[in-house]
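*Asks:* Below is one structure. I have some questions about it.
The values are calculated or read from the model by the stated rules, or taken from the named source; none is laboratory data. If you're wondering where the values come from, they're calculated on a predicted model, not measured in any experiment. Positions of Cβ are generated from backbone atoms using ideal geometry, with glycine treated the same way; all protein chains shown enter the neighbour counts.
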């Protein structure tokens, strides 16, 4: 810490300044004098400087406390006379660029349930390197390849069409529906209903709700429109099966220009090794035809089976459905117009691969208990820290997510983590960020839980991710941490921190002499080994197994930390991050 003041001598002589420091209250009033050295008065005297120049003194390390308010004043001496009055008080505060006050751990807090932690969202997040846009939210307009699906015009130029569906409003999720048919169709999945258009998914359930117009037109000009809600929910609910629930209902009263709208046929489609089990008309729950005045729902449940006979095999499936309807105008014309609607021809923009399914069978040498299963491969699941039990690790990840430009694992910033399964690469990446002995040399034992605990170097983004700062671009890394003038990734290019007890609380501090710019792509922190290992370990292994994560799969990280608006400065933009965190 360096203190400065300007020297002003009436005679223009050289002078030095005596610096005196006191603790201060919130208003800046002096409280207690601080002894800056072992001299009688505990003050520091600067070298002589010319009048108009700046006198500077360095306060020795350990004399000032962190997060404490201080004031200082100066008195000049020109070699013969002292000033008769002190300068006005100047306020200052000792702060590190990173100072996170952590909540008290609750080691009885259970690990979050991975299935319960999955919230439906609309982000289409493909595995790293897959063709197409790797991450996109829903567009505000319909997909560019969506088309109207029409019958052939009759001799008068009249025809009927299924129009393009209304784009789903961004950020909305349906509410529980009052319609009994929909509740049955969605099998208790409350966020999947026909309240309004939406497309949402988890790793195991995808729900696409569309408002589809049925149009009578003459020479291409609409004459009457009846709007229907189409809901398709796919549940990946079995080892060698999955299930589609299709619900159709009017979105509003059917205009009297229609005599009847009758859905008379359906045909499910899937790739090789995937077989839809077509259901008869009697399988509909509710009749699949409507006349003006009717507002009921009709639901058809269709199972799919896929081939699990080959060990160690991955499949990609994209279920589709064609729906045929007879449309009878109300003008006395007897012959109905027949047209069809195919699901895959009417996607909302940016969601065309949200329903892409990956099914896999265990390898012949897979661990006991491994079973076949399916996931929506372009829907990233969320890994959730147990921040209540292990706040040191959670706070470290929170900082890197919030305060650095790569925001690894942040769903809000649409920056997924990508799992990297090569153990040798994992070791290389970790060794570059956390070389042997780094935690012991840079940590503080006050952060340890008990006598059996040891200091660990916690790296984020994880070494087991393509986001790791320790993975070079030639190795496939997407965020290599390269120090200036170097070519190999190193933890020296990360934000470096350590956990330490300060007062009664554990804090996460930035390292002295390694002030961050907050443009870094990674972090490393010397923290409790228990917090580091238990925040991942078996909890992450269970997540991997339950979410069927494979190499290059995307996932999100929920740190379960929140600053509650306590940060002294805004997080981000290169400012210090001084906050009191709470675990959720």
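*Asks:* Tell me the residue from 27, 65 that is farther than 30 Å from residue 398 by Cα, outside the structural domain of residue 520 (by TED's automatic domain parsing) and at pLDDT below 95, please. If you could, list the steps in order and put the result at the bottom.
*Replies:* Values: 65 fails: farther than 30 Å from residue 398 by Cα.
That would be 27, the only listed residue that is farther than 30 Å from residue 398 by Cα, outside the structural domain of residue 520 (by TED's automatic domain parsing) and at pLDDT below 95.
*Asks:* It is to be established whether one or more residues within the range 467-484 are closer than 21 Å to residue 507 by Cβ and either surrounded by 24 or more Cβ atoms within 10 Å (Cβ to Cβ) or at pLDDT 95 or above (or both). Outline the logic, then answer.
*Replies:* The first filter runs over the range 467-484 and keeps only residues closer than 21 Å to residue 507 by Cβ, leaving none.
No, because not a single residue in the range 467-484 is closer than 21 Å to residue 507 by Cβ and either surrounded by 24 or more Cβ atoms within 10 Å (Cβ to Cβ) or at pLDDT 95 or above (or both).
*Asks:* Output the residue which, of all residues in the range 489-529 that are in contact with a helix residue (DSSP H, G or I) (Cβ under 7 Å, 6 or more places away or on another chain) and part of a loop (DSSP other than H, G, I, E, B), is nearest to residue 563 (Cα to Cα).
*Replies:* That would be 518.
*Asks:* Limited to the range 239-274, what total is found for residues that are assigned to a loop (DSSP other than H, G, I, E, B), in contact (Cβ under 8 Å) with a residue 24 or more places away in the chain and closer than 26 Å to residue 356 by Cα? Full working, then the answer.
*Replies:* Keep residues of the range 239-274 that are assigned to a loop (DSSP other than H, G, I, E, B), which gives 239-240, 251-257, 270-273.
Narrowing further to those that are in contact (Cβ under 8 Å) with a residue 24 or more places away in the chain: 239-240, 251-257, 270-271, 273.
So of that shortlist, the ones also closer than 26 Å to residue 356 by Cα come out as 239-240, 270-271, 273.
Of the residues in the range 239-274, 5 are assigned to a loop (DSSP other than H, G, I, E, B), in contact (Cβ under 8 Å) with a residue 24 or more places away in the chain and closer than 26 Å to residue 356 by Cα.
*Asks:* Take residue 53 and decide whether it is surrounded by fewer than 18 Cβ atoms within 10 Å (Cβ to Cβ) and either assigned by TED's automatic domain parsing to the domain that holds residue 509 or more than 30 Å from residue 579 (Cα to Cα) (or both).
*Replies:* Working: surrounded by fewer than 18 Cβ atoms within 10 Å (Cβ to Cβ): yes; either assigned by TED's automatic domain parsing to the domain that holds residue 509 or more than 30 Å from residue 579 (Cα to Cα) (or both): yes.
For residue 53, the condition - surrounded by fewer than 18 Cβ atoms within 10 Å (Cβ to Cβ) and either assigned by TED's automatic domain parsing to the domain that holds residue 509 or more than 30 Å from residue 579 (Cα to Cα) (or both) - is met.
*Asks:* Just checking: which of the strands (runs of 3 or more DSSP E) contained wholly in the range 372-484 hold 1 or more residues that are touching a residue at least 60 places away in the same chain (Cβ under 8 Å), over 25 Å from the mean Cα position of the chain (by Cα) and over 21 Å from residue 114 (Cα atoms)? Write out each step before concluding.
*Replies:* Details: elements: 373-376, 382-384, 455-460.
Because the criterion is at least 1 residues that are touching a residue at least 60 places away in the same chain (Cβ under 8 Å), over 25 Å from the mean Cα position of the chain (by Cα) and over 21 Å from residue 114 (Cα atoms), the strands (runs of 3 or more DSSP E) in the range 372-484 that meet it are 455-460.
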